[in-house]
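Contents: one structure, followed by commentary.
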Amino acid sequence: MGDLLSETTALWTIAVVLGYPVLALALVEAYRHLRAPYPELAKLVNLLQVSVLPFVALHLLLSRVAEVPSDSTGAKLVLTALSISGINAVLLGLNLLVRLGPVANDAMARTPGLVLDLIRLVLVLVASAFVASSIWTVDLGSLMAALGVGSVVIGLALQDTMSGLFSGVSLMSGRHFREGDWIEFGESSGKIVKMDWRSVTIETLDDERLIVIPNSALAQGGFTVLSSSTRVFGQNIYVKFSYGTPPARAIDAIEYAVGSVDLILRDPAHDIDLMELSDDGITFEVTIHTQTREDGEAATTDFLRRLWYKCLRENLQFAGAANRKYRDSGPPKLQDHQIQQILGATGVFLPEADGFAELMAAAEIGLFDEGERLLQAGTPCRRLFLVVAGQLSVLHGDDTSGRSLQRFGAGEFFISRFLLTGAPSPVGLVAETETMTLSLESIHIIDFLNRNPALARQLEQAIDAIDSGLAR
């Protein structure tokens with residue numbers, strides 16, 4: 001009998017001595033491979049390796065190898081630690097199964113991890129009480145009473161901390177916002193970069209400061225969700241024009257500027273309202289929407305740039321322009337001899353030709369912002385564009401990559417047959433840099449060519465060369 005016991009003890013010793021390092025190494029490797037793709041599952045593996053496996057090995061050494069009596073203090077301590085760590089691991093596994101496993105649903109997936117962790121903590125404490133009652137033969141009623149008194153004392157000591165904890169649980173359970181959303185609280189607004197049970201950390205857009213806002217302050221005060229995964233960012237821009245600018249023309253200019261900015265969403269639609277007739281001008285409120293708060297800043301800049309260039313071309317004046325130190329000079333201007341030289345350099349619109357004076361008088365000067373469209377694909381336009389300074393790029397109507405079909409620099413002009421006929425344009429025309437142009441309407445060009453048939457053949461050759469380039 002003694003030999004049998006010795007043999008059993010030897011087998012358990014070998015099993016523990018060899019099995020523990022093998023299992024520990026296997027769990028370490030599993031953790032290393034799961035850490036990046038499955039961090040939640042890696043957390044469970046790490047818990048098994050750090051807390052459960054050592055207590056299993058220690059319990060086997062005491063009970064099977066050293067044959068320590070089960071009612072000894074050491075054996076009870078080890079068994080208690082093993083039971084609690086095992087319960088914790090099982091509950092963590094159930095937590096992962098509910099949130100990420102095959103039984104997961106949308107409601108559980110949206111439940112904050114902090115809430116599930118708190119539920120797991122409560123269950124571990126309750127299970128630990130039953131373990132202590134079973135192993136240490138402690139009266140469970142007395143233990144619960146002691147825990148209740150202790151909870152009251154701890155709750156009073158940690159009143160502020162618990163307030164922040166429950167505020168955090170309330171905020172995250174309500175799913176008002178999540179990391180990556182933009183919120184406004186008091187005088188501060190920014191992007192949420194971190195959330196925990198105590199506070200919310202936001203990063204401001206202006207100077208990229210990090211601001212930590214306690215959850216209790218957010219729960220007690222009002223906050224605004226500026227943009228989220230389910231809510232686009234909306235903002236109001238105020239523009240003030242002088243009384244010399246007709247409101248209808250101002251609204252048309254604003255409509256053009258909004259429509260020329262790709263970052264501004266078409267749904268929800270923008271809104272333009274005349275807000276006030278004050279002593280210093282007419283104020284318009286422009287409401288736009290963008291996908292994110294970052295896009296909102298960029299869209300505002302592009303909108304105001306496009307509006308400035310449009311108003312400059314249309315000779316529309318902003319409020320206060322007459323009071324500025326450097327007065328606005330109005331739309332861009334060229335002297336008559338400059339226009340004559342620019343048109344003559346084309347080899348088609350010669351100054352000595354019949355009808356040149358009328359053609360020169362009809363020429364319109366335009367200054368366009370970088371990226372601004374002079375011609376939208378799919379819309380008719382009966383104009384010739386001659387580049388004075390800068391560069392124009394021709395883009396295919398269906399090409400969203402921005403690949404240029406042709407480029408026209410200073411001294412070159414863009415014309416095509418569809419521009420003369422008034423048919424919808426298959427291409428778009430964009431200013432690659434700030435670009436100044438002279439443009440001529442087709443009706444004035446046709447009148448000029450009817451008077452000068454020889455020059456018409458030269459323009460025909462230029463059109464053929466441009467159209468062949470567009471067809472490639």
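Just a few scattered comments:
- Amide H contacts of residue 200 (H built 1.01 Å from N, under 5 Å, at least 5 apart or other chain): 213, 215
- Note, ³J(HN,Hα) from phi for the range 63-76, Karplus 6.51, -1.76, 1.60, rounded to Hz, x at Gly and Pro: 7, 9, 8, 7, 6, 6, x, 5, 8, 6, 4, x, 4, 5
- Amide hydrogen neighbours beyond the local backbone of residue 405, cut-off 5 Å, H modeled: 394, 395, 396
- Residue 460-residue 10 pseudo-label distance in nm [points 7 Å out on the Cα-to-Cβ vector]: 11.2 nm
- One decimal place: the segment residue 22-residue 407 gains 131.7 nm when fully extended, by the rule 0.36 nm per residue minus the C-alpha distance.
- Counting Lys and Arg as +1 and Asp and Glu as -1 over every other residue whose Cβ lies under 13 Å from the Cβ of residue 454, the net charge comes to -1.
- For a label point 7 Å along the Cα-to-beta-carbon line of residue 450, residues of the range 405-421 with backbone N under 16 Å: 420-421
- Scattering profile of the range 233-323 at q = 0.15, 0.20, 0.22 Å⁻¹ [log10 I(q)/I(0), Debye over alpha-carbon scatterers]: -0.53, -0.91, -1.06
- Charge tally for residue 237 (other residues, Cβ to Cβ under 15 Å; Lys, Arg +1; Asp, Glu -1): -3.
- Gap separating the Cα centres of the range 288-319 and the range 425-456, nearest whole Å: 28 Å
- Under the Karplus curve 6.51 cos²θ - 1.76 cosθ + 1.60, θ = phi - 60°, whole-Hz ³J(HN,Hα) for the range 11-19, x wherever Gly or Pro sits: 5, 5, 5, 4, 4, 6, 5, 8, x
Every number in this text was worked out from the coordinates using simple rules, so none of it is lab data. On a predicted model such as this, the values are computed, not experimentally measured, just so you know. Every residue, glycine among them, receives a Cβ derived from its backbone with ideal geometry; neighbour counts consider all protein chains shown.
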